[in-house]
Amino acid sequence: MTKHLTAPQVEHFKQHGYAFPFRAIDTSEAAQYRARIEAYEAHVGEDANRSLKIKAHLASPAFVELAQNPRILDAVQDLIGPDILLFGSSVFAKNANDPRYVSWHQDSTYFGLAPHEEVTVWVGLTDATSENGCLRILPGSNCEPDFKHKETFDEDNMLAKGQSLIGVNDNFGLEMPLQAGEFSIHHERTAHSSRCNTTDDRRIGFAFFYIPTHVTSTIGRRRATLVRGEDRFGHWDEEALPTRDYDEPAMEQLHQAWGQYRDGEVKGG
Ligand SMILES: O=C(O)CCC(=O)C(=O)O
């Protein structure tokens, strides 16, 4: 028996690498989360994209709570089973009329996980539309061999290394529009991207990265948080979760994980 997705939705995910839309929170809660991201930006004096990366949930207990949202975890459980670790999260915030985009990429190349069973839940904290650059995926790419990336370091590319898949036909991209508070799910091998924001408001999404507890890190021991079930494997060290906003030990882990990723110490294996 599935908990949130229907059996055909689970089958569709296996074959095509994505599922959407599902509701996690209502629009007023989404607006509160947006306000929290913007309060963080005011606190650090820069765009959330610059530091709420890889372990963004460690900036606030409220973000950990969103990662533990039962509707999200029920959907994740339907896809990867009942023992679930949150190993990371990133905020993708585009400003109004923002030329920045996300190039086609596969997270499996960069996450350093084996086997490739990670799923990403992307929660819209604003509406995500064609015009403001909603997430796009290449259906079925989850079942294809790994693609090759080139690292472009393009200034307008929101990815740390500007990593871009070589030879993708952009016309096959499928958009996943969402209303604020809804979420989509994609597999770590599903190629995805997003275009720039041509509207007068921001487009903000919070991406959470979940793995079943048997998945290992191919790049040495790292930290993760058990969000449901039991960890009978012990492949991951525990994260120190924040007890208040911008809690120092938690922020230190956030910055450390982002630094390792950005500086290339953390690469896929
Ligand atoms: O939000 C975006 O535009 C890109 C998101 C993304 O690359 C991801 O969720 O892995």
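The values are calculated or read from the model by the stated rules, or taken from the named source; none is laboratory data. Given the structure is predicted, the values throughout are model-derived calculations rather than measurements. Positions of Cβ are backbone-derived with ideal geometry, glycine not excepted, and every protein chain shown enters the neighbour counts. Side chains are part of the model used for accessible areas, which takes the heavy atoms of the whole protein and leaves out ligands, DNA and RNA. Shrake-Rupley method; radii C 1.70, N 1.55, O 1.52, S 1.80 Å.
When the convex hull of the Cα atoms of segment 7-263 is projected onto a plane and the area is averaged over all directions, what value comes out in nm²?
Dividing the Cα hull surface by four gives the mean projection, 12.6 nm².
Run through segment 169-259 and list the GluC sites (Glu not before Pro) located in a DSSP loop whose Cβ has at most 11 other Cβ atoms within 10 Å.
Counting only loop positions with at most 11 other Cβ atoms within 10 Å, the GluC sites (Glu not before Pro) in segment 169-259 are Glu230.
What are the extents of the Cα atoms of segment 42-175 along their three principal axes, listed from largest to smallest and rounded to whole Å?
Result for segment 42-175: principal-axis Cα extents of 39, 38, 27 Å.
How many Å² of accessible area per residue for the chain, probe 1.4 Å?
43 Å²
Taking +1 at the Cβ of each Lys and Arg and -1 at the Cβ of each Asp and Glu, which of Leu178, Gln253, Val215 sits farthest along the dipole of segment 160-269 towards its positive end, judged by Cα position relative to the Cα centre?
Among Leu178, Gln253, Val215, the one farthest towards the positive end of the dipole of segment 160-269 is Val215.
Quick check: Cα centre of segment 196-243 to Cα centre of segment 43-91, how many Å?
Distance between centres, Cα-based: 6 Å.
For segment 104-181, with only Lys/Arg (+1) and Asp/Glu (-1) charged at the beta-carbon, what is the dipole magnitude about the Cα centre, in debye rounded to 20?
The calculation lands at about 140 debye.
In whole percent, what relative contact order does the chain give with Cα contacts below 8 Å and a gap of six or more residues?
32 percent
Mind checking segment 2-85 for GluC sites (Glu not before Pro) that DSSP puts in a loop (not H, G, I, E or B) and that have at most 13 other Cβ atoms within 10 Å?
Glu46
Stokes-Einstein at 37 °C, 0.692 mPa s, Kirkwood radius from Cα pairs: D for segment 180-239 in µm² s⁻¹?
For the chosen part, D equals 221 µm²/s.
In segment 93-182, which chymotrypsin sites (Phe, Trp or Tyr not before Pro) are in a loop and have at most 13 other Cβ atoms within 10 Å, using DSSP for the loop call?
Here the chymotrypsin sites (Phe, Trp or Tyr not before Pro) that fit, given the DSSP loop and packing criteria, are Phe153.
Could you compute the longest span of the chain free of trypsin sites (Lys or Arg not before Pro) located in DSSP loops and having at most 14 other Cβ atoms within 10 Å, not counting the site residues?
Counting only loop sites that pass the neighbour cut-off, the longest clear stretch is 4-147.
Starting from the Cα-Cα distance between Asp146 and Asp237, subtract it from 0.36 nm times their residue separation and give me the gain in nm to one decimal.
Working it through step by step, the gained length comes to 29.9 nm.
I'd like the per residue volume of the convex hull spanned by the Cα atoms of segment 117-201, given in cubic angstrom.
In segment 117-201, the Cα convex hull volume per residue is 108 Å³.
What value does segment 37-109 have for Rg/Rh, both radii from Cα atoms and Rh as Kirkwood defines it?
1.02
With all protein chains present, how much of the accessible area of the chain (probe radius 1.4 Å) comes from carbon and sulfur, to the nearest whole percent?
The C+S portion of the solvent-accessible surface of the chain is 49 percent.
Per 10 Å bin, what percent of the C-alpha pairs of segment 160-269 does each bin hold, from zero upward?
9, 30, 38, 20, 3
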